[in-house]
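A.B. asks: There's a structure below that I have some questions on.
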Amino acid sequence: MMYAISPLGDLAVVLSFSNEINEKTNRQIQLFVSKLEKEKIRGIIEWVPAYTSLTIYYQPEIIPYDSLKAELERLGMSPGQTKTDRPLVYEIPVCYGGEFGQDLAYVADYHGLEEQEVINLHANREYLIYMMGFMPGFPYLGGLPEKLAVPRLEMPRQNVMPGAVGIGGNQTGIYPADVPSGWRIIGTTPVTLFSPEKENPFLLSSGHYIKFVPISEEQFLTIKQVGDAYQVNRLEKR
């Protein structure tokens, strides 16, 4: 496992694994995370996986930088070069188009496709969750078909519905809350991605996968009414 360690201020370090965003780099990051979870090094507060790096926050009064660096180098050389836990595929229901996806028609027109063709291309494929970010519960996904990439809005919307599924450039993602967005919204999920009142507030985590499953407006309203009682399917990736 190859990576470079560098300080980030006096309370964090960054492990840089590669300059390329791909599944191999993500697997290396997830493997290192699993080692951190197992070792429980005293003085480490938390870690944040990103596309090609892993940021680790620590308490220098408990573990100085040089000691932390030595521990991280030891971890990188320790056995366990393959992650034994199989990643999960979260099946996320989405109601596409209409009031739930006001930009579906734009995406279809931009590529000369029918709206149903856009839905077929976007749904029922597995997207790797490279990282969580910009707001709690937002997944950055890899795997959007090139035929669906579209430019962002020239003037971002002031807000989108919680659960809005959008496309921005060559990325797709889900907005967990009512926030501004410059992405093209093609659908909405009734599933809650972030519940701060829960012991585990996040539905998703990096290193796993999402598959969007089309549903009708009636199914959307039924799931929305069920609320937290609705259980998202979690399948082991094949």
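A.B. asks: Positive end of the dipole of the chain, charges at C-beta (+1 Lys, Arg; -1 Asp, Glu), about the Cα centre: which of Asn170, Ala4, Ala105 has its Cα farthest in that direction?
C.D. replies: Projecting each Cα onto the dipole axis, the largest value belongs to Ala4.
A.B. asks: Accessible area per residue of region 1-134 at 1.4 Å probe, in Å²? Walk me through the numbers before you get to the answer.
C.D. replies: Numbers: 7330 Å² over 134 residues.
Accessible area per residue, region 1-134: 55 Å².
A.B. asks: For region 47-141, which GluC sites (Glu not before Pro) are both in a DSSP coil and crowded by at most 14 other Cβ atoms within 10 Å? Could you put the intermediate results ahead of the total?
C.D. replies: Values: sites: Glu61, Glu71, Glu73, Glu91, Glu99, Glu114, Glu115, Glu117, Glu126; in loops: Glu61, Glu114.
Within region 47-141, the qualifying GluC sites (Glu not before Pro) (loop, at most 14 other Cβ atoms within 10 Å) are Glu61, Glu114.
A.B. asks: Another one. Please state the charge dipole magnitude for region 115-238, taken about the Cα centre, from unit charges on C-beta atoms (+1 on K and R, -1 on D and E), reported in debye and rounded to the nearest 20. Please report the intermediate quantities before stating the final value.
C.D. replies: Numbers: 11 positive and 12 negative charges, 60 e Å.
Charge dipole of region 115-238: 280 debye, to the nearest 20.
A.B. asks: Only Lys, Arg, Asp and Glu count, each charged at its Cβ (+1, +1, -1, -1), so figure out the dipole size of the chain about its Cα centre, rounded to 20 debye. Spell out each step's value before the answer.
C.D. replies: Details: 21 positive and 28 negative charges, 150 e Å.
Charge dipole of the chain: 720 debye, to the nearest 20.
A.B. asks: Per-residue ellipticity at 222 nm for the chain, helices alone: DSSP H runs ≥ 4 residues times -39500 (n - 2.57), over residue total, nearest 500 deg cm²/dmol? Before the final figure, lay out each step's value.
C.D. replies: Numbers: 5 runs with 56 residues, N = 238.
That comes out to -7000 deg cm²/dmol.
A.B. asks: If you take every DSSP beta bridge whose two residues both sit in the chain, what share of them, in percent to the nearest 5, is antiparallel? Display every interim value, and only then the final one.
C.D. replies: Details: 40 of 46 bridges.
Around 85 percent of the beta bridges assigned by DSSP in the chain are antiparallel ones.
A.B. asks: Still on this model: If you wrap a convex hull around the C-alpha atoms of the chain and split its volume per residue, what is the figure in Å³?
C.D. replies: Measuring per residue, one finds 144 Å³ for the Cα hull of the chain.
A.B. asks: State the percentage of accessible surface on region 116-238 attributable to carbon and sulfur atoms; use a 1.4 Å probe and exclude ligands, DNA and RNA. Walk me through the numbers on the way to the answer.
C.D. replies: On the way: 3090 of 6290 Å².
About 49 percent, which is the carbon plus sulfur part of the accessible surface.
A.B. asks: Right, another one. Beyond 19 Å between alpha-carbons counts as too far, so tell me which of Lys211/Lys237; Lys38/Lys211; Lys147/Lys224 fall in that bin. Intermediate results must be reported in sequence, preceding the final value.
C.D. replies: Values: Lys211/Lys237 11 Å; Lys38/Lys211 29 Å; Lys147/Lys224 31 Å.
Correct reply: Lys38/Lys211; Lys147/Lys224.
A.B. asks: Sticking with this structure for a sec: Along the charge dipole of the chain, which of Pro49, Pro151, Gln219 sits closest to the positive end, that is, farthest toward it, with unit charges on the beta carbon of Lys, Arg, Asp and Glu (+1, +1, -1, -1)?
C.D. replies: Pro49
A.B. asks: Classify region 101-238: rounded, prolate or oblate, from the alpha-carbon gyration tensor (a ≥ b ≥ c, eigenvalue square roots; a/c under 1.5 rounded; otherwise prolate if a/b is larger than b/c)?
C.D. replies: rounded
The values are calculated or read from the model by the stated rules, or taken from the named source; none is laboratory data. None of the values given here were measured: they were computed from a predicted structure. Because the Cβ atoms are built from the backbone with ideal geometry, glycine has one as well, and the counts that use them run over all protein chains shown. Side chains are part of the model used for accessible areas, which takes the heavy atoms of the whole protein and leaves out ligands, DNA and RNA. Shrake-Rupley method; radii C 1.70, N 1.55, O 1.52, S 1.80 Å.
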